[in-house]
Every structure is written in C-alpha cells, then in structure tokens.
1. Once amide H atoms are built 1.01 Å from N in the peptide plane, which residues 5 or more positions from residue 28, or in another chain, come under 5 Å H to H?
2. For the range 61-122, compute the orientation-averaged projected area of the C-alpha convex hull (one quarter of its surface), in nm².
3. Carbon and sulfur atoms: what percent of the 1.4 Å accessible area of the chain do they account for?
4. May I ask for the distance between the Cα centers of the range 92-127 and the range 18-41, given as a whole number of Å?
5. I want to verify the translational diffusion coefficient of the chain in µm²/s; compute it with Stokes-Einstein, Rh as the Kirkwood radius over Cα pairs, at 20 °C and 1.002 mPa s.
6. Pull up all non-local amide H partners of residue 102: gap of 5 or more, or a different chain, and H-to-H distance under 5 Å with H placed in the peptide plane.
7. Search the structure for amide H atoms under 5 Å from the amide H of residue 133, placed 1.01 Å from N in the peptide plane, and list their residues when 5 or more places away or on another chain.
8. To the nearest 10 square angstrom, what accessible area does residue 160 show with a 1.4 Å probe?
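The values are calculated or read from the model by the stated rules, or taken from the named source; none is laboratory data. Computed from a prediction, not measured in an experiment: that's the story for all the values here. Calculation scope for accessible area: heavy atoms of the full protein, side chains included, ligands and nucleic acids excluded. Shrake-Rupley method; radii C 1.70, N 1.55, O 1.52, S 1.80 Å.
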Amino acid sequence: MGRRLAPLTLDNLPDIPRPCRKCVFWELDPVSGEAAVQAGKPELEKEAWISAVLLEWGSCGRVVYVDEVPAGFVLYAPAAYVPRSLAFPTSPVAADAVQLMTARILPGYQGQGIGRVLVQTVAKDVLRRGFKAIEAFGDAKWTAPSCLLPADHLLAVGFKTVRHHPRYPRLRLELRSTISWKEDVEMAIDRLLGAVQKEPALRPL
C-alpha cells in the first residue's frame, strides 16, 4: 500500500471531501461565512482563502493519498488567518502556536496509522517554520464529524487544556512532545482524525 502526502493547493483541493470543500467555517468570520453560504459561493471563498494563505504564509494543509486515492486531509494556519477563531469564548490562540483547524480521514482508511502520519507531518512543518506548539478549539460535546475535533480525543493524543470551557476548551500540544510519540497513543490519534468508534480495527503500517 503506497502512501503519499502532498501540500494542499488549489490543484488538489477537489481531493478533499466535498462537504469540506464547501465549508468556510474557519476561513471566514460568522457573518461573512453565513453571507457566503446564502450567496451560494462558499467554494469560491474557500479557494480565495487558500490562495491568499499560500501566497502570504505558504502551505496550510496536507492531503494524504493511498495508492493515489485521496484518503484524508488536515488544515492548519496561524490564527491571524483564521477569522472564526476570534469568535470562540476561549480565544485567542497563542502567538507562538499554529491552529489545527480541522482534519478528516475517509471511511475505509481509518485505523491504519494515517492520522498519526498526518499529525506528525504537521508538527514537523510547524517546527520548521519556527512555531512552538499546535493549538485547537475542541468540542467537549462532540457527537459526529464536524469542523471541530472532539476535545477528549485531542487530550488523548497529548494536547493539554490551556483555557477551560464547558463546550469549547482551547487545547495545546507542545511540539517537542510530538517527535517521539509512543505506540500507545497511535489508536487515539487514528480515532481523533478518523472519527471512528471506540474499538477501531488497527492494522500495522
């Protein structure tokens, strides 16, 4: 099984799940996001956002392919590029961190270690750019795949709560802790990004 990770660009944007291509939850503030949906042009806004971030900051995501078939993606950027982050009661994201916006592993590819590979790739990229941590807004009442990641799974893979909230805690992962993750958290990472059930069927890399 061949795996390949590619930076997210406008060329491979169609390779992420269609609902995610049409989602501008993070890319626009709440008012602008609602206006884009009402105008029927969220995909255009998504493309414009990715284009702007690519020009100013560089790659803001990764797409993973298994045997050249899209299997998942992750999206991240400094909070200055993520207007929605300011709408959370636990904002702002720290200046020395990059925000993990969202991620997804498609059904059929979950439980294969792909989530771990994605997160470690993000960690290495963020470290290379001089940041010290990854932060995310978790959903403490998560029940189904959405724009937010479940808070309990973020905690399970090494994130720590830096600002408490009954629904939207802000969590932080110090990057030095991602370099040598132990095998006992690999299942949790797969569950985090794959949104699988409590007993995922894991297969070795």
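1. Those lying under 5 Å, H to H, from residue 28 are 84.
2. If I average the Cα hull's projected area over directions, I get 5.0 nm².
3. 55
4. The range 92-127 and the range 18-41 have Cα centres separated by 22 Å.
5. 126
6. 75
7. Those lying under 5 Å, H to H, from residue 133 are 98, 175.
8. Near enough 140 Å² of accessible area.
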